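Trainee: Before we start, here is the structure in question, set down as structure tokens.
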Amino acid sequence: MNKDWSEKNKTLQTELRKRDTFDQGISTLIDLRSGLMDTIDSWKGHLTADDYCAIPYINAKGYHSKTIAYSLWHIFRIEDIVAHTLIKGDEQVLFTGGYQKRTGSPLITTANELKKEQIADFSRQLDIDELYNYIHEVKLKTEEILTGLSFDDMKTKVSDERRAQLESLGVVSPDEDAIWLIDYWCGKDVRGLIQMPFSRHWIMHIEACIRILGKLKIPGLDDGGKHMELIKGSDWKACFEKERGLYTAKTSVPGAIKLFEIGKDVFEELKSDKIPDEDKYRLIHDKGRMLYMDIDDRCGPPYTVVLDDDYKDLCPWTGLPESTFVWPEELTDAAVELFPSQEKNREQRRKKREERNKKKDQ
């Protein structure tokens, strides 16, 4: 097991057992999950649809005998079911978000019942972009539940009513490789549910995915998924992609998500313990070249500004959902020319504009 993940998992297990350290335990859990999701997001942009469906260890025993697409579905279906049906007692994200249709999944179950080629066939039916949207929403909603729990909630057992609701939904297959999950989950208290589906279960499947990636020898991922160096603060993350020598960053505060291209010097400053965290946030904004921003500050309708059309290729690790309203190219061009803060984007925007105009004239 990855040493950092293992140590954080052990720490949170200890912290969650004591009233005085319970809140810190939830924070440690969310921090662990954030790092694990960064790893999942780092694959996007490097893997093809076929890579997500590859099953190189089809005859092996263990989590690595699956596909990456299957593993992502499985991890987050289990979390969705446990978080919403068993802990909170509300509707699962799969249903509220219409994700069965959006992902193209023929199943609403955890997919434990699938074997070998069935796993590969199932994986090929999934829309990977929508699968990523689903797993991000599940993570977000679970963490909203986690932060609302108290230490006293930890000893709460799954009620007979919630078990009956789980059985009625048909989200666990009656297959012998799946049906045991109901007894397993319903035999635990809330603490037990948190300690497996929300943390250790992630680790085991993600490490299995990294083993699959090593076998596939994806360019940039041959070192087992460690092609990116990721660092973060309270409201920012930064990434060094070794293969391309590329440094990028993401800032995220309520109402605003922004992506930047940064220099090596900025990345090294971000790693320094001598600079306060809030100064690192400003450093990214002051020295970085903004690529993208998504605004939902409740002062008006949410909107997205794409300053560099290549932002997805430059920042594949961020896993941003698709935006519903993006500024027109002409409006973005005008803003870049007008605002001094966008001086670093002018040259590439002017080239892109010339290219668009040439295509129109043809």
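Trainee: Before we move on, is residue 45 closer than 26 Å to residue 210 by Cα, within 18 Å of the chain's Cα centre (by Cα) and not in a helix (DSSP H, G or I)? So that I can check it myself, show each step before the final result.
Mentor: Values: closer than 26 Å to residue 210 by Cα: yes; within 18 Å of the chain's Cα centre (by Cα): yes; not in a helix (DSSP H, G or I): yes.
Yes: the conditions hold for residue 45.
Trainee: Out of everything in segment 196-211 that is farther than 12 Å from residue 33 by Cα and in contact (Cβ under 8 Å) with a residue 12 or more places away in the chain, what residue ends up being surrounded by the fewest Cβ atoms within 10 Å (Cβ to Cβ)? Break it down into steps so the answer makes sense when it comes.
Mentor: Step one: list which residues in segment 196-211 are farther than 12 Å from residue 33 by Cα, which gives 196, 204-205, 207-211.
Still in the running and in contact (Cβ under 8 Å) with a residue 12 or more places away in the chain: 204-205, 207-211.
Details: 204: 16, 205: 22, 207: 18, 208: 19, 209: 24, 210: 19, 211: 18.
Per the criteria, the residue is 204.
Trainee: Ok, one more. Within the set of pairs 6+ apart or on separate chains, which have a first residue in segment 343-362 that is outside the structural domain of residue 330 (by TED's automatic domain parsing), a second that is surrounded by 10 or more Cβ atoms within 10 Å (Cβ to Cβ) and part of a helix (DSSP H, G or I), and C-beta atoms under 9 Å apart?
Mentor: Every condition considered, no pair remains.
Okay, residues lined up against (1) in contact (Cβ under 8 Å) with a residue 40 or more places away in the chain; (2) in contact with an Asp or Glu (Cβ under 6 Å, 6 or more places away or on another chain); (3) part of a loop (DSSP other than H, G, I, E, B):
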| position | (1), (2), (3) |
| --- | --- |
| 268 | no, no, no |
| 273 | no, no, yes |
| 279 | no, no, no |
| 284 | yes, no, no |
| 291 | yes, yes, no |
| 298 | yes, no, yes |
| 301 | no, no, yes |
| 305 | no, no, no |
| 309 | yes, no, yes |
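Rundown of residues vs (1) over 19 Å from residue 124 (Cβ atoms); (2) assigned by TED's automatic domain parsing to the domain that holds residue 198; (3) assigned to a helix (DSSP H, G or I), yes/no style:
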| position | (1), (2), (3) |
| --- | --- |
| 13 | yes, yes, yes |
| 22 | yes, yes, yes |
| 28 | yes, yes, yes |
| 33 | yes, yes, yes |
| 40 | yes, yes, yes |
| 57 | no, yes, no |
| 60 | yes, yes, no |
| 69 | no, yes, yes |
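Trainee: Spot the failing condition for residue 261; the list is (1) among the acidic types (Asp, Glu); (2) buried (at least 18 other Cβ atoms within 10 Å of the Cβ); (3) under 21 Å from residue 73 (Cβ atoms), and only one is missed.
Mentor: The failed condition is (3).
Trainee: Out of all the residues in segment 138-152, is one or more more than 23 Å from the chain's Cα centre (by Cα), in the same structural domain as residue 26 (by TED's automatic domain parsing), in a helix (DSSP H, G or I) and of a type in the set (A, V, I, L, M, F, W, C)?
Mentor: Start the filter on segment 138-152 by keeping residues that are more than 23 Å from the chain's Cα centre (by Cα), which leaves 150-152.
Checking the rest, the ones that are also in the same structural domain as residue 26 (by TED's automatic domain parsing) come to 150-152.
If we keep only those that are in a helix (DSSP H, G or I) too, we end up with 151-152.
Now drop any that are not of a type in the set (A, V, I, L, M, F, W, C), which leaves 151.
Yes, segment 138-152 has at least one match.
Trainee: Also, quick follow-up: Scan segment 94-144 residue by residue and report those that are farther than 22 Å from residue 199 by Cα and aromatic (Phe, Trp, Tyr).
Mentor: 95, 99, 122
Trainee: Only one of these conditions is not met by residue 202: (1) in a helix (DSSP H, G or I); (2) not assigned by TED's automatic domain parsing to the domain that holds residue 110. Which number is it?
Mentor: Evaluating residue 202 over (1) in a helix (DSSP H, G or I); (2) not assigned by TED's automatic domain parsing to the domain that holds residue 110 leaves (2) as the failure.
Trainee: Related question: Does segment 104-118 include one or more residues that are buried (at least 23 other Cβ atoms within 10 Å of the Cβ) and part of a helix (DSSP H, G or I)?
Mentor: no
The values are calculated or read from the model by the stated rules, or taken from the named source; none is laboratory data. Owing to the predicted nature of the structure, the values given are computational and were not obtained by experimental measurement. A quick note on method: Cβ atoms are made from the backbone with ideal geometry, for glycine too, and the neighbour counts reach across all protein chains shown.
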